[in-house]
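Data block below; observations after.
What follows is calculated from the coordinates using simple rules that are stated; it is not laboratory data. Quick caveat: nothing in here was measured; it's all calculated off a predicted structure. Note that we place each Cβ from the backbone using ideal geometry, even for glycine, and neighbour counts take in every protein chain shown.
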Amino acid sequence: MDYSSSIQDLIISRRSCRNYGQSQIAFEKRKALCRIWGEFEKPFWGNTPRFQIVDIGPPGKGRMTGTYGMIRGAGAFIVGAVKRGPGDMEDFGYLFEKIVLCATDLDLATCWIGLTVARGPLADKIDLLPDETIPAVAALGYPAKRRSVVETLTRSSLGASKRKPWKTMFFDGAWHSPLVKSAAGRYETPLRMLRRAPSATNKQPWRIIKQGSVFHFYLQRSPGYQMMTGAADLQRIDMGIAMCHFEMTARELGLDGHWAEIDFAPAEPLPKRAEYVVSWMAR
Ligand SMILES: Cc1cc2nc3c(=O)[nH]c(=O)nc-3n(C[C@H](O)[C@H](O)[C@H](O)COP(=O)(O)O)c2cc1C
């Protein structure tokens, strides 16, 4: 799977767009997007989500309400569906983010949407099977010339351009010991790119403990957030997105490694609402 820009450039340039213009998405770009999910290898937990571009109307018209940060003008959505199973949301987020970065590479704008809107019409359009669910979709198109007022307000209320401080996300062997950047070694850049990942309501629930050459990934759930809306478990999707940024950057830098579930138990108790997810074993 090749991108024309570097992964780091794509991660840095991607941002959520909530106001779309009237240009049609060129056929070649649609084909390139479909090609990418045709080439996916099985993700870590082995789930096989499927993806489809769904047109809902002319670009530049229409609104998607019922979700935070109203989406205006998107004529198309990337819709993904997955069967329920262990790691389903993480695998879904991991693969879907590869598509989002591919769209960025094609100069298309996107916005992840954790569905709180009616899923019925989208389910019909992709012939959703009884054992499948649509955890999230992404608006797709060209950005409008200007941000709408709603979009500007949404971004500022989410602090969308900001991320939590490095020292509150990355730890060195123990939760009370923040990871200094120099101690991250060659993994400073993959961690920096992870930190830029999009997450639902910008909660950034990722916590990573480095222990030697192993990076243990934990999900620290935001209080009162889980299932607040009846949506899918969006924070597990966030986790898959973070894994995608981390791994793709590492691979681009020639850093070899693989994912494993090893249930690492640090000496101290876990912070509140934190749960172990997976570890990256660097070689
Ligand atoms: C799983 C997921 C669900 C999201 N759901 C929505 C949504 O329903 N509505 C919305 O406007 N933005 C949604 N977002 C976008 C986030 O609010 C956005 O990624 C975050 O504020 C950071 O901004 P950035 O993407 O511009 O870096 C979602 C993002 C993710 C990863």
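Structure notes:
- Value of relative contact order over region 166-282, rounded to a whole percent, pairs C-alpha under 8 Å and six or more apart: 31 percent
- For the chain, the dipole from Cβ point charges (+1 on Lys and Arg, -1 on Asp and Glu) about the Cα centre works out to 1240 debye, to the nearest 20.
- Here the spin labels are modelled as points 7 Å beyond Cα on the Cα-Cβ line, and at M1 and S182 they lie 3.7 nm apart.
- With each label modelled as a point 7 angstrom along the Cα→C-beta vector, the V54-D131 pair spans 2.1 nm.
- Pairs exceeding 31 Å between alpha-carbon atoms, taken from K31/K167; K210/K272; K29/K83: K31/K167.
- Simple point charges give the picture: +1 on the Cβ of Lys and Arg, -1 on the Cβ of Asp and Glu, and for region 7-154 a dipole about the Cα centre of about 640 debye.
- Relative exposure of L129, L270, L10, judged by other C-beta atoms within 10 Å (fewest first): L129, L270, L10
- Put simply, the convex hull of the Cα atoms in the chain casts, on average, a shadow of 14.2 nm².
- Evaluating 6.51 cos²θ - 1.76 cosθ + 1.60 at θ = phi - 60° for every residue in region 247-260, the Karplus couplings come out as 5, 5, 5, 4, 5, 4, 7, x, 8, 8, x, 8, 8, 8 Hz, glycine and proline recorded as x.
- The chain - mean residue ellipticity at 222 nm from DSSP helices (-39,500 (n - 2.57) per run, n ≥ 4, rounded to 500): -8500 deg cm²/dmol
- In region 7-154, taking the dipole from charged Cβ atoms about the Cα centre, the farthest positive-side position among I12, M70, C34 is held by M70.
- Gain on full stretching of the segment that runs from F264 to V214 - 0.36 nm per residue minus C-alpha separation: 17.0 nm
- Extending 7 Å from Cα along the Cβ direction at S13 and again at R146 yields two label points whose distance is 2.5 nm.
- Ranked by how many other Cβ atoms sit within 10 Å of their own Cβ, fewest first, the residues D127, D238, D172 fall in the order D127, D172, D238.
- Dipole of the chain, positive end: most advanced residue of M248, W45, C111 [Cβ charges, Cα centre]: C111
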